[in-house]
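Heads up, the thing below is written out as structure tokens.
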Amino acid sequence: MSMQTPKEIGAIQFGLMDPETYRDMSATKIITADTYDDDGYPIDMGLMDPRLGVIDPGLECRTCGSHSGSCNGHFGHIELAAPVIHVGFTKLIRRLLRATCRDCGRLSLTPEEQEEFRDGLQRNEELGEDWTNVLKAAVRQARKASRCPHCGAPQHDIKHEKPTTYYEVQDVLAGDYSERIASAMQPDPDNEDDSGVSPSDLAEDSGLDLSRVNDILSGEFRPVGEDRKKLEKALDVDLTEEDMNKLMPSDIRDWFEDIPDEDIETLGIDPSRSRPEWMILTVLPVPPVTARPSITLDNGQRSEDDLTHKLVDIIRINQRFMENREAGAPQLIIEDLWELLQYHVTTFVDNEISGTPPARHRSGRPLKTLSQRLKGKEGRFRGSLSGKRVNFSARTVISPDPTLSLNEVGVPERVAREMTQTMNVSERNLDRAQQYVRNGPEGHPGANYVKRPDGRRLKVTEKNCEELAEKIDVGWEVNRHLIDGDIVIFNRQPSLHRMSIMAHEVVVMPYKTFRLNTVVCPPYNADFDGDEMNMHALQTEESRAEARVLMRVQEQLLSPRFGENIIGAIQDHISGTYLLTNGNPEFTETQALDLLRATSIDTLPEPAGEDEGEPYWTGKQLFSELLPDDLNLEFTSSAGDEVVIEDGQLVSGTIDEDAVGAFGGEVVDTLAKVHSKTRARVFVNEVASLAMRAIMHFGFSIGIDDESIPGEANEQVDEAIASAYDRVQELIEIYEAGELESLPGRTVDETLEMKIMQQLGKARDSAGEIAEDHFADDNPAVVMARSGARGSMLNLTQMAGCVGQQAVRGERINRGYEGRTLSHYQPNDLSAEAHGFVENSYRGGLTPREFFFHAMGGREGLVDTAVRTSKSGYLQRRLINALSELEAQYDGTVRDTSGTVVQFEFGEDGTSPVKVSSSEDNPIDVENVADRILDAEFSSEEEKAEFLGRKELPTNISEYAGPGLDKARSLEVESDD
Amino acid sequence: MVDVSQHELVPEHTLIDEEEVESMLTQYDVKRAELPKIKRKDPALPDEAEVGDVVKIVRDSRTTDKAVSYRLVIE
Ligand SMILES: [Mg+2]
Ligand SMILES: [Zn+2]
Ligand SMILES: [Zn+2]
């Protein structure tokens, strides 16, 4: 295999192609529509001519001599019997016909105008704007001229009948002109005073001789030019009719040949690359067979590509055309055939032209011709170039595994055996490489392929693996299976932000799902109700290095969307830390060690005290073990108390969502920004482990009885609702008495609705408050709502107190029957229950009518989400396309690929959201920075010097290189040998 | 007629002299044509603006107090 040097593309130039070039490029002229002869060999000068390239393996290309695979194929050509229009250029053809002179072909613009447009073109190029604007303006200007400014020939209007027919429209003297004049001279029958116009009157009015007028009336003289206009004016009559003269493609070609090069340049077309007459085809290039391979069906029959079918049609009509013309067929027949040829060439290029019936396959399926191969989602651009199917990728269902680090992903062994990494065998890894090959493709970790130094690739099989392993030597390449510690890319659709694609380290596992730590659910927006994710094994050393340094999960802790951490404790983790730190429970030594078991902490701190001779440790103390010693923080927790962390010790406060949660947990955020990403990763992993142990220690469950409130509370709720009903009734009475005063900018009806909604809202809130008062602090639903783990107080209110008003489009439910929502109510009943107020709680149960209203409100929510996702998907595509090529430059500006400035300073402040402090007041936490510097200064001179010197953070590239759990130690046994 | 340029949401557009244009172009290492554009007919522009001029636009910014940008006046 020869190595090909990559070449850089300097520029791409688009233009039209000269028919002569088509002929020069052509490997052969195609003259027959037949493809294969009876023996199954391709016919010479047929559509499958072997000079056009080969698709059958074993055959040799008659043009370049290579075999299928190495020959890209060669173009052929068809000599068209008559020129036809290329559908891709119909608009430009129309413009040129309108802008140029029908006699001399020159652009109908004065030299000064031409100059102006050329300047415009230049300016447009400098500003990087669309040149077609100048073309359009020039055509608009040139079209105005009724006579050619160069030769004086009168110009006619051009009518374009889509897709490919052009007419010259011209006003000519009507055939019945004498009748029209005579009837206009008749007296008006409705007007008795009108005696008509006599020939002598007409002669006088129009200024023509009387004898000439008489000649015209008798039809002996045709009034043209000035005479016609005079007559028309005198009689107020139209003597013309439209004459449509069809322009045949050959006429247009002749016309365009006359257009001088300079005039084309004025329109922004480069005449050295594109002559306008080349838009009319005289030669049709025939794509190589490799572009339209035929397939052999199971029954041995050949099935041709759609393009081949279309080319067969073209050749058949082309032949018939030539035969008919040689036989001297009547013009009508020739024109019909010409149109047919035009149709076939048109549909060969584009089979989805409006106004043209698409060419169909025998089965009735429209043919996929050239344009259809390129256009749309599955087309060449969006389907094959911007996005394509890739090797070394896997997709399966995901499930959670809290024992993994957030940087890791559990990969099923079956997937690991399929995805490989290339090992370059050297003296140092020779033993391992041989072992992989010895394990074969079925064992894990094994190998699937090896490559000899001479470049030959060999498949490793169960049979040859032992033998092959002995041969492996320095310089070979081994494609070994994925093993623990390899880096892979992991992704969940819809990939809406950067964190939807992150790099993980492999942990090979049994069973069939990808496993991931639950703390990475927020960035992927993943859950485990059947979600699937994709994995890509990286294939080059560079990509693996980049993925480790830039894309690993720990490097993506901070979201560029809001500049705070997006990875942190979620749900049960938060309930767990809340239980551990709220009220500061005590633990015996065994319990404390059990809580910290899954972390890297292996010694307990000094006990907090002794209880009946037994030492005990507090929850805050155990949590503090996970914090770095130099952490100092103060903030308010979700539960509402002040959290104080001094020198890595939690002094007071509850650790909950605001401390360790995803989406801006203070501790995680500070660790990631002030300490290091690695420290933050270790912390999040360990908090998750500790929290899981804690929640299991305390036990955490929820049931229907956790939402029940005592009988007296229920009575209070009923009372609150009853009094709200009374107030609503009062409002209705005031309204019906016509005494309700409307709020500013509202009608009386709207005011009533608003006031009722307000009252009912209050009723639900007070029901909620009553219910809340009766919940214990250790109620699991309350714990979850207070800590921010899941759910809200409103959810609790609805479960225990009162569900409240159901709304559709922000209003009470008003639709259904005429004047009422359901037939259960009187018409025009304005009461709360008739318009969707649910007074029961979820626990208590809804009445059938309440249930129905609740379903109405619920349905709106579902419809909204469905509509929102489809709308936002499209918006996302548009936005990404618009922004995809913008880039922040080293000088701080944001520019597009052409160098045009889009933003003079990235984000207007030139800072990355993930690099600034999360404090509300100042983007750079000067106080904290200064504190730390002073601290260092006060300790000792050496330390100060050390501090002022640059402190390099240790590079951490793997779970196996510490800190955290020491994975490397548990990785002693490499193979199963 | 409402003068749009006086509306509170329309940022300040000021013409800058050739000297300032040159120094700005050097500062950002851009050609005049690589600047963002603004149509001469744009009502936010000062009346005396001509094609080829450069305007300085000072906007209120969410990230900095004032954000400065420049636009080339085109037809
Ligand atoms: Mg799901
Ligand atoms: Zn070839
Ligand atoms: Zn002319």
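The values are calculated or read from the model by the stated rules, or taken from the named source; none is laboratory data. Given the structure is predicted, the values throughout are model-derived calculations rather than measurements. Backbone-built Cβ (ideal geometry, glycine too); neighbour counts: all protein chains shown.
General observations
- Tally of residues being out of contact with any Phe, Trp or Tyr (no Cβ under 7 Å at 6 or more places or on another chain) and surrounded by 20 or more Cβ atoms within 10 Å (Cβ to Cβ) across the stretch A:805-829: 2
- All positions within the stretch A:223-243 that are more than 17 Å from residue A:184 (Cβ to Cβ) and surrounded by 14 or more Cβ atoms within 10 Å (Cβ to Cβ): A:243
- Residue count for the stretch A:636-655, restricted to those that are surrounded by 15 or more Cβ atoms within 10 Å (Cβ to Cβ) and outside any loop (DSSP other than H, G, I, E, B): 4.
- Among the residues of the stretch A:19-46, the one identified as more than 16 Å from ligand 2 (Cβ to nearest atom) and touching a helix residue (DSSP H, G or I) at 6+ places or on another chain (Cβ under 6 Å) is A:33.
- Conditions (1) outside any loop (DSSP other than H, G, I, E, B); (2) more than 16 Å from ligand 3 (Cβ to nearest atom); (3) over 24 Å from residue A:370 (Cβ atoms); number of the one not met by residue A:97: (2)
- Scanning the stretch B:25-75 for residues that are among the hydrophobic types (A, V, I, L, M, F, W, C) and without any contact (Cβ under 8 Å) to a residue 24 or more places away in the chain turns up B:25, B:30, B:67, B:68.
- Some residue of the stretch A:112-122 being polar (S, T, N, Q), in contact with a helix residue (DSSP H, G or I) (Cβ under 6 Å, 6 or more places away or on another chain) and either within 14 Å of chain B (Cβ to nearest Cβ) or within 16 Å of ligand 1 (Cβ to nearest atom) (or both): no
- Residue within the stretch A:1-10 that is within 16 Å of ligand 3 (Cβ to nearest atom), among the β-branched types (Val, Ile, Thr) and either assigned to a loop (DSSP other than H, G, I, E, B) or touching a strand residue (DSSP E or B) at 6+ places or on another chain (Cβ under 6 Å) (or both) present: no
- Subset of the stretch A:41-77 [touching a residue at least 40 places away in the same chain (Cβ under 8 Å) and on the phi > 0 side of the Ramachandran plot]: A:53, A:73
- Qualifying residue in the stretch A:705-713 (condition: β-branched (Val, Ile, Thr) and in a helix (DSSP H, G or I)): no
- Scanning the stretch A:891-904 for residues that are part of a loop (DSSP other than H, G, I, E, B) and at the interface with another protein chain (Cβ under 7 Å from one of its Cβ atoms) gives A:891, A:893, A:899, A:900, A:904.
- On the stretch given as the stretch A:841-860, residues that are under 13 Å from residue A:708 (Cα atoms) and surrounded by 12 or more Cβ atoms within 10 Å (Cβ to Cβ) total 4.
- Filter result for residue A:405 (polar (S, T, N, Q), in contact with a Gly (Cβ under 9 Å, 6 or more places away or on another chain) and either at pLDDT below 85 or in a loop (DSSP other than H, G, I, E, B) (or both)): yes
- Close Cβ contacts (under 6 Å, 6 or more residues apart or on different chains) running from residues in the stretch A:104-130 that are within 16 Å of ligand 2 (Cβ to nearest atom) to residues that are hydroxyl-bearing (Ser, Thr, Tyr) are absent.
- The single condition among (1) surrounded by 13 or more Cβ atoms within 10 Å (Cβ to Cβ); (2) under 31 Å from the mean Cα position of the chain (by Cα); (3) closer than 30 Å to residue A:533 by Cα that residue A:402 does not satisfy is (2).
- Test for residue A:161: is it within 14 Å of chain B (Cβ to nearest Cβ), among the acidic types (Asp, Glu) and more than 16 Å from ligand 2 (Cβ to nearest atom): no
- Selected residue (criterion: nearest to the chain's Cα centre (by Cα)) from residues of the stretch A:482-519 that are farther than 17 Å from residue A:568 by Cα and hydroxyl-bearing (Ser, Thr, Tyr): A:495
- With respect to the conditions (1) assigned to a loop (DSSP other than H, G, I, E, B); (2) buried (at least 18 other Cβ atoms within 10 Å of the Cβ), residue A:783 falls short on a single one, namely (1).
- Restricting the stretch B:52-75 to residues that are more than 9 Å from chain A (Cβ to nearest Cβ) and acidic (Asp, Glu), the residue that is nearest to the chain's Cα centre (by Cα): B:53
- Test: residue in the stretch A:18-34 that is away from ligand 1 (no atom under 16 Å from the Cβ), more than 14 Å from chain B (Cβ to nearest Cβ), part of a loop (DSSP other than H, G, I, E, B) and loosely packed, with under 11 Cβ neighbours inside 10 Å: no
Results for (1) touching a Ser or Thr at 6+ places or on another chain (Cβ under 8 Å); (2) closer than 30 Å to residue A:257 by Cβ, shown as yes or no for each residue.
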{"site": "A:19", "(1), (2)": "yes, yes"}
{"site": "A:28", "(1), (2)": "no, yes"}
{"site": "A:41", "(1), (2)": "no, no"}
{"site": "A:55", "(1), (2)": "yes, no"}
{"site": "A:70", "(1), (2)": "no, no"}
{"site": "A:75", "(1), (2)": "yes, yes"}
{"site": "A:83", "(1), (2)": "yes, yes"}
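- Members of the stretch B:20-47 found to be exposed (fewer than 14 other Cβ atoms within 10 Å of the Cβ), at the interface with chain A (Cβ under 9 Å from one of its Cβ atoms) and in a loop (DSSP other than H, G, I, E, B), listed by number: B:29, B:31
- Condition met for residue A:363 (within 19 Å of residue A:86 (Cα to Cα), within 35 Å of the chain's Cα centre (by Cα), of a type in the set (Ser, Thr, Tyr) and surrounded by fewer than 17 Cβ atoms within 10 Å (Cβ to Cβ)): no
- Some residue of the stretch A:549-567 being under 25 Å from residue A:672 (Cα atoms), more than 16 Å from ligand 1 (Cβ to nearest atom) and small (Gly, Ala, Ser): yes
- Residue count for the stretch A:83-115 under the criterion of being under 17 Å from residue A:349 (Cβ atoms) and over 41 Å from the mean Cα position of the chain (by Cα): the result is 1.
- Every condition in (1) over 23 Å from residue A:285 (Cβ atoms); (2) surrounded by fewer than 15 Cβ atoms within 10 Å (Cβ to Cβ) holds for residue A:352 except the one numbered (1).
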